[in-house]
Every structure is written in C-alpha cells, then in structure tokens.
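Shown next, in structure tokens, is the structure this report addresses.
The values are calculated or read from the model by the stated rules, or taken from the named source; none is laboratory data. Fair warning: this is a prediction, and the values are worked out from it, not measured in the lab. Because the Cβ atoms are built from the backbone with ideal geometry, glycine has one as well, and the counts that use them run over all protein chains shown.
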Amino acid sequence: MNWIPLTDPKQLSEIEALSKSRPQVIFKHSTRCSVSAVAKHRLEKAMPPENTDFYYLDLITYRSLSNQIAEHYSVYHESPQVLLIIQGACVYDESHSGIQMDDIQSQISSVAAS
C-alpha cells in the first residue's frame, strides 16, 4: 500500500480535483485504537484497486483536518473511517470492522458502471 500522508487542508482541494479523473480514498486512522490498527492492517494486506489514490490521515495529530473532512463531505466523524471520493463527492463511507478493500472495490465498480 502506498499511503499518501494527508497532513494539510490544502490537500483537500487536490483530492477533490483528482477525484474527477480517478477514485480517491481517505483512511482516517487513530493511532491509539486497536480496532483502527486492525482496519489499517486489513487494507494494507489486500490488493488495492488500480488507479486509486489512498490517503492516510493520523486523526490524533490532525484532528481539525479530520473534522474539516467530516463537515465538507457531510459524514459523521468516526474512527477508523474510510471515505471514497469520486467526482468531488463522498460516494461511500464505512467505519470500524466494516472497512474492507473488497467493499471499496465494489463501490468503485458500481459507480463506474452507472
């Protein structure tokens, strides 16, 4: 997994722009939570979808950025949490044990088919 560190609010504009041409995934991770560690490990050992960027947000260090993401995409903040951004919109979000690479791939395929 090639994580792109998400550390600056300016990156949200970049994610939005890139999402017009390829899916963008934001993984909000709590470095203090064992459930979050399991979700991160599960993502890292799975095969990521092609042409998809994966951003890693340490929400303990960048809590205000995490809050901005929740507000901008109108999703309830959870930890761990994954958001799939396509065409500038959050088309899918999941948290805790529901975070699965297969589900992310299914969502990407579903959006591509419509």
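Some points to look at:
- Qualifying residue in the stretch 29-46 (condition: in contact with a strand residue (DSSP E or B) (Cβ under 8 Å, 6 or more places away or on another chain), part of a strand (DSSP E or B), on the phi < 0 side of the Ramachandran plot and not polar (S, T, N, Q)): yes
- Considering residues of the stretch 102-111 that are over 10 Å from the mean Cα position of the chain (by Cα) and surrounded by 19 or more Cβ atoms within 10 Å (Cβ to Cβ) only, the residue farthest from residue 13 (Cα to Cα): 107
- Residue list for the stretch 74-101, filter: under 18 Å from residue 14 (Cα atoms) and at pLDDT below 95: none
- Positions within the stretch 45-64 being over 17 Å from residue 95 (Cβ atoms) and buried (at least 18 other Cβ atoms within 10 Å of the Cβ), in sequence order: 49, 53, 62
- Residues that are farther than 16 Å from residue 38 by Cβ, in contact with an Asp or Glu (Cβ under 6 Å, 6 or more places away or on another chain) and part of a strand (DSSP E or B) do not occur anywhere in the stretch 67-75.
- The C-beta contact set for the stretch 90-114 (first residue under 16 Å from residue 22 (Cβ atoms), second residue of a type in the set (Asp, Glu) and assigned to a helix (DSSP H, G or I), distance under 9 angstrom, 6+ apart or interchain) comprises 92/103.
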